[in-house]
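The values are calculated or read from the model by the stated rules, or taken from the named source; none is laboratory data. All values reported here derive from a predicted model rather than from experimental measurement. Every residue, glycine among them, receives a Cβ derived from its backbone with ideal geometry; neighbour counts consider all protein chains shown.
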Amino acid sequence: MLWHITAGLTVANRLSEDGDKQVLVLEAGPNAENLQEVFVLGLIGAGQALTTLNWAYTTVPQTHLNGRVLTINAGKALGGSTVINSMIFPRAEKAQYGAWGILNNDSSWSWNALLPYFKKSEIFTPPNKFQQANGARFERDVHGFNEEQGRVKVGFPNFFFQQWSLWRQTAMHLGFPASPDLGNGSPHAVGVAPASIDPANNTRCSAACAYYTDFADRPNFTVLTNATVIRILWTEQGRESEITASGVEYINANNETQVVNVSHGGEVIVSAGTPKILELSGVGNSSILQSAGVKPILDLPSVGENFADHVNSWVNAFTNSITNDLLLLDPTFAEQQLNLWFENRTGFYSSVSRSLGIAAPSDIFNKSEFNGLLEESEEKLNYFAALLSNGNPLLARGIQAQHRLALDLYRSNNNLPLEMSLRPSFFGKTSFEDRPARTYNTIVSALYAPLSRGRTHISSSDPFVPPMVDPAYWTHPLDVAFHVAGIKLARKMLTTGPMASIYEGEFEPGLDKVTDEDIENWLRGVVQSYTHEVGTMAMLPQGLGGVVDTKLRIYGLKNVRVAEN
Ligand SMILES: Cc1cc2nc3c(=O)[nH]c(=O)nc-3n(C[C@H](O)[C@H](O)[C@H](O)COP(=O)(O)OP(=O)(O)OC[C@H]3O[C@@H](n4cnc5c(N)ncnc54)[C@H](O)[C@@H]3O)c2cc1C
């Protein structure tokens, strides 16, 4: 039994290949595959705006971001966040996968060990001549081409904005290597990102498209949508040496409470809002559970801790080039473009992929400046581990181990702190009405390897009360330093090399933000979640405050695993 979905549907699909296994998936949202906000590439953002498809969690006021409450988007549909996400489908730096193996002393978590699974997860369509002419590249060795169903379709779109090419040239001018493939495990480069799309139809390929639609008639693979899981039920304690899940309680589309039993030898795989469900089931930090009115079953204090999320910010420049802003500025043009997509899959709405540049420390700091920052962070390893671990001494060791490894990787230029991407449009918080009615190019700078760690917990036993979410953004000063440097790099990218030829002045942050301090102060008022939250069911040894082992089994529970970010 599983819920849910990006990860969960993948596992459900693979398990149900064995006809002797009965697999049930419970998903709180609907099947939204037939909505044009989901399948039309250029309508990214429209799906997120549908409240029925987005959990839109809110954070507690963020101490380091002027006390602001931020929104964290997360898909609520069969296919999870892949139904509303931006479809960018590159991979991380090899050393990042290796870090899992090092922290867990398990070599099955490394780039080499995982690459066969990455290949098995996709049907990659190489770029055609038009896409190659627009910068798309690929390396055959790192992709999967097997056309069997049960894989995410990955490829490139039918429309490219001209400034993406100018921007890549500018990035190269500033020292970024040209990427032969952003999925090859060496993404410190600039290139065109592949996307999780079906290039034959120019449509989104969500996890539902990859792992469910073609398998809906598998007799042992059942999916219930609009089914919100409340808690896991346990066998009477004392009869088993380990605590055993006996069933799951959920609320169906008619608002009725239902129970489904786990068959003998069966497992529950949690892949959805996991900390909340575990805490409602009595698994977590006992004192947090008791204050919320839940009877503790297993004291596992790191559940919901170790929360990390990317945040982003931007520099937008006025431009004379053609951008996506035209869709908002001219509704007739927007209608024509949408018609073009439906007629022959061309035009603005057939575009999705973005050019990305992944920056290393050497792109943004000089060596002595960066060594100084690293030394400061090393001196304060204990302090930040204690601060970020919420009074949990084992997790403090786990966070310290993560930080030590991250700092070592920074020293060798193998931890990549920033994703830089060019959006051919306005991007930011200022509403359409409040900004000049012009076209913009925006460079978005996203903090990729944050050292800050926060938490999420229940505050009530009522399953309909949203969880408390505190990502503790920007708690670690190195996060702040990288983010400020990202804005300076974005400015440089907009104003040098070929990009300078289409630059007509800066809108935000605005040229009055001159010093690092000005930029930092502006950022504290605008930084927003990039909605890539991870880490709250940490895969770490128990001595480092872990929640799951390297087979994703929850410590202390007999038949419950976790499969999600
Ligand atoms: C707006 C946005 C843009 C993004 N862009 C990109 C991108 O371009 N490239 C990229 O690689 N990543 C992107 N991501 C991140 C990526 O989509 C996620 O990391 C990934 O989908 C997470 O997979 P998951 O299985 O862990 O969780 P999810 O995909 O979030 O799936 C969790 C599922 O569980 C369901 N659920 C939650 N609670 C319950 C409950 N109580 N009962 C039943 N079901 C429940 C949810 O409805 C959801 O369907 C983006 C994310 C968002 C939100």
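Flag: Y410 does not match the condition of being in a helix (DSSP H, G or I) and closer than 30 Å to N158 by Cα.
Here N66 meets each of (1) assigned to a strand (DSSP E or B); (2) under 26 Å from G525 (Cα atoms) with one exception, condition (1). Report, ordered by the first and then the second residue, all pairs with beta carbons closer than 9 Å, sequence separation of six or more or different chains, a first member in the range 523-536 that is more than 9 Å from the ligand (Cβ to nearest atom) and of a type in the set (D, E, K, R), and a second member that is modelled with pLDDT of 95 or more and part of a helix (DSSP H, G or I). Cβ pairs passing all conditions: R524/V480. When we screen L166, L174, L182 for residues that are under 25 Å from the mean Cα position of the chain (by Cα) and either within 26 Å of G486 (Cβ to Cβ) or touching a residue at least 24 places away in the same chain (Cβ under 8 Å) (or both), the only hit is L182. Tell me which residues, restricted to the range 510-554, are part of a strand (DSSP E or B) and of a type in the set (V, I, T). Those that are part of a strand (DSSP E or B) and of a type in the set (V, I, T): V534, V548, I554.
Okay, residues lined up against (1) touching a residue at least 12 places away in the same chain (Cβ under 8 Å); (2) in contact with a strand residue (DSSP E or B) (Cβ under 8 Å, 6 or more places away or on another chain); (3) of a type in the set (S, T, Y); (4) over 23 Å from E305 (Cβ atoms):
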position	(1), (2), (3), (4)
F365	yes, no, no, yes
N371	no, no, no, yes
F384	yes, no, no, no
A396	yes, no, no, no
Q402	yes, no, no, no
L418	yes, yes, no, yes
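If the condition is being near the ligand (Cβ under 6 Å from one of its atoms) and outside any helix (DSSP H, G or I), then the range 44-63 contributes no residue at all.
When the residues of the range 69-88 are filtered to those that are outside any loop (DSSP other than H, G, I, E, B) and farther than 23 Å from Y473 by Cα, the one that is farthest from the ligand (Cβ to nearest atom) is V83. Listed by first and then second residue, the pairs linking a residue in the range 23-42 that is under 19 Å from K153 (Cα atoms) to a residue that is in a helix (DSSP H, G or I) and within 10 Å of the ligand (Cβ to nearest atom), with Cβ atoms under 7 Å apart and 6 or more places separating them unless they lie on different chains, are N31/A208; A32/L53; A32/V83; E33/A208; E37/G47; V38/G47; V38/V83.
For the range 236-279, filtering for residues that are of a type outside the set (D, E), more than 27 Å from S16 (Cβ to Cβ) and either surrounded by 16 or more Cβ atoms within 10 Å (Cβ to Cβ) or within 15 Å of the ligand (Cβ to nearest atom) (or both) leaves 1.
Checked against the criterion of being assigned to a helix (DSSP H, G or I), modelled with pLDDT of 95 or more and surrounded by 20 or more Cβ atoms within 10 Å (Cβ to Cβ), the range 153-160 has no qualifying residue. Residues that are within 25 Å of P393 (Cβ to Cβ) and surrounded by fewer than 17 Cβ atoms within 10 Å (Cβ to Cβ) within the range 297-330 comprise just one, D299. Of note, R91 satisfies the criterion of being in contact (Cβ under 8 Å) with a residue 40 or more places away in the chain, farther than 30 Å from T257 by Cα, among the basic types (K, R) and within 10 Å of the ligand (Cβ to nearest atom).
Scanning the range 230-271 for residues being in contact with an Asp or Glu (Cβ under 7 Å, 6 or more places away or on another chain) and under 22 Å from G75 (Cα atoms) gives a total of 3. Restricting the first member to the range 71-83 and to residues that are over 25 Å from V527 (Cα atoms), and the second to residues that are within 6 Å of the ligand (Cβ to nearest atom) and at pLDDT below 95, the beta-carbon pairs closer than 9 Å and six or more apart or on different chains are A77/I5; L78/H4; L78/I5; G79/H4; G79/I5; G79/T6. Condition (residue is surrounded by 15 or more Cβ atoms within 10 Å (Cβ to Cβ), assigned to a helix (DSSP H, G or I) and in contact with a Leu (Cβ under 7 Å, 6 or more places away or on another chain)) applied to the range 124-138: is it met by at least one residue? No. Evaluate the range 460-478: report whether one residue or more is closer than 19 Å to V190 by Cα, surrounded by 19 or more Cβ atoms within 10 Å (Cβ to Cβ) and not hydroxyl-bearing (S, T, Y). Within the range 460-478 (the criterion being closer than 19 Å to V190 by Cα, surrounded by 19 or more Cβ atoms within 10 Å (Cβ to Cβ) and not hydroxyl-bearing (S, T, Y)), the answer is no, since none of the residues qualifies. Among the conditions (1) farther than 30 Å from E305 by Cβ; (2) part of a loop (DSSP other than H, G, I, E, B), the only one that L451 does not satisfy is (1). Got at least one residue in the range 501-509 being away from the ligand (no atom under 16 Å from the Cβ), part of a helix (DSSP H, G or I) and at pLDDT 95 or above? Yes; the residues of the range 501-509 include at least one that is away from the ligand (no atom under 16 Å from the Cβ), part of a helix (DSSP H, G or I) and at pLDDT 95 or above. Just so you know, in the range 29-42 the residues that are within 13 Å of the ligand (Cβ to nearest atom) and surrounded by fewer than 22 Cβ atoms within 10 Å (Cβ to Cβ) include one that is nearest to F427 (Cα to Cα), and it is E37.
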